[in-house]
Amino acid sequence: MNENTIRVRGIDYYVETAGAEDLPTIVFLHGFTGSTATWQEVTKMLKGKYRTVAIDLTGHGKTSIPRDVNRYSMDEQVEDLEELFNALSFQQFKLVGYSMGGRVALAYTIRYPKRVTSLILESSSPGLKTENERMERQAADGRLADRIVSEGLRAFIDFWGNIPLFSSQKKLLAEKQLAVKNERLSQSETGLANSLRGIGTGSQASYWDRLHTVNLPVLLITGELDTKFVNISREMQSYFPNVRHETIDHTGHAIHVEKPDTFATMIEEHISELKNRGGSL
């Protein structure tokens, strides 16, 4: 694995790559409180078959933590990614995004569709449909951001790890639960609070009315126990022209954490299916 820090538009982005340059490239974007570390089990399983690229998004992991909340907006992060891919000399790739990273991946694909040969969204959404929903969510995310700053990182991570969205992770081995917690604790109050304010679901535009423009192959992956996102993906399925939705049994929001072998297999099967159909790698 190669570790690099690449300066893009005033921000130092941390990037982990593995695999030969002539292999098909898969780019991975993590979720809120995550980092490149969240993908390591999956990328190890893909070793030798693909070039894998994991990126710490703005304010997360080892990437810079801007104090200006506007620097976390969806538009800013999409432009950062485009410049980062230019710096890495990437032409085309498959794009995988989890939760918040899925929203970024979708926004990037809509802006730069010729870059992405297929899009894999794990437990993600196109945003909220109405202005009222977005305003309510912005207010809720703002209160949560204030809580992070006032109570500190450790108190927030203790709270965040116990929300219903992650209840299925309580069944994981203690070692894996500790790894997830330590990854979250490696973040910063400023990075997390500004992410909620700048790129929270309420702060981004709704992409529901743009899904029909995404003509490339899309794979939606959800966990059976994550009912909210199963339902969102089912609705998204009716908008995308070229889409498949897979729901994994006995699994919650973070399929790649709870069942990394299943997740890696699904990526491989998706790519193999596209190859058999004559799609681009």
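A short reminder: the numbers here are calculations on the coordinates, not readings from a lab. As the structure is a prediction and not an experimental result, all values here were calculated from the model. Here Cβ is always computed from backbone atoms with ideal geometry, including for glycine, and neighbour counts include all displayed protein chains.
Contact order for the stretch 166-281, expressed relative to its length and based on alpha carbon pairs under 8 Å spaced 6+ residues apart, stands at 23 percent. A simple packing score, the average count of other Cβ atoms within 10 Å per residue, orders the peptides 193-199, 3-9 as 193-199, 3-9, with the highest score first. Note on the chain: antiparallel DSSP beta bridges, both residues inside, total approximately 30 percent of the bridges counted.
Comparing SER64, SER123, SER89 in a Gaussian network model of the chain where C-alpha atoms under 10 Å apart are linked, the largest mean-square fluctuation is found at SER89.
When the chain is described by a simple charge dipole with +1 on each Lys and Arg Cβ and -1 on each Asp and Glu Cβ, the residue from PRO126, PHE229, SER272 located farthest towards its positive end is SER272. Scanning residues 5 or more positions from LEU29 or on other chains, those with amide H under 5 Å from its amide H are VAL96, GLY97, TYR98, with H placed 1.01 Å from N in the peptide plane.
According to the square roots a ≥ b ≥ c of the eigenvalues of the Cα gyration tensor, what is the shape class of the stretch 130-228, taking rounded for a/c under 1.5, prolate for a/b larger than b/c otherwise, and oblate for the remainder? In terms of gyration-tensor shape, oblate.
Taking the DSSP beta bridges with both ends in the stretch 1-122, the antiparallel portion is around 40 percent. Taking the helices alone, the chain has a mean residue ellipticity at 222 nm of -12500 deg cm²/dmol, built from -39,500 (n - 2.57) per DSSP H run of at least 4 residues and averaged over all its residues.
Assign one of three labels to the chain, namely rounded, prolate or oblate, based on the Cα gyration tensor with a ≥ b ≥ c the square roots of its eigenvalues; rounded applies when a/c is under 1.5, prolate when it is not and a/b is larger than b/c, and oblate otherwise. Judged from the Cα gyration tensor, the chain comes out rounded (a/c under 1.5). Counting only residues at least eight positions apart within a chain, or on another chain, the aspartates and glutamates with an alpha carbon under 12 Å from that of LYS62 are GLU3, ASP12, GLU16, GLU183.
For the peptides 103-110, 215-222, the ranking by mean Cβ contacts within 10 Å, running from highest to lowest, is 103-110, 215-222. The listed peptides 248-257, 175-184, ordered by packing as a protection proxy, come out as 248-257, 175-184 (highest mean of other Cβ atoms within 10 Å first). Taking a ≥ b ≥ c as the square roots of the eigenvalues of the alpha-carbon gyration tensor, the stretch 188-265 is classed oblate because a/c is 1.5 or more while a/b is no larger than b/c.
Take every Cα pair under 8 Å whose residues are at least 6 apart in sequence, average their separation, divide by the length of the chain, and the relative contact order is 20 percent. Going down the table (LYS181/LYS259; LYS176/LYS228; LYS114/LYS228; LYS49/LYS170; LYS49/LYS176; LYS44/LYS171), which pairs top 28 Å between alpha carbons? LYS114/LYS228; LYS49/LYS170, as the Cα separations exceed 28 Å there. When you filter the GluC sites (Glu not before Pro) in the stretch 78-150 for DSSP loop state and at most 16 other Cβ atoms inside 10 Å of their Cβ, nothing is left.
By the scheme Lys and Arg +1, Asp and Glu -1, what is the net charge of all other residues having a beta-carbon under 14 Å from that of ALA139?
Once all neighbours under 14 Å are counted, the net charge is 0.
Neighbours of ASP56, meaning other residues whose beta-carbon lies under 14 angstrom from its beta-carbon, give a summed charge of -2 when Lys and Arg score +1 and Asp and Glu score -1.
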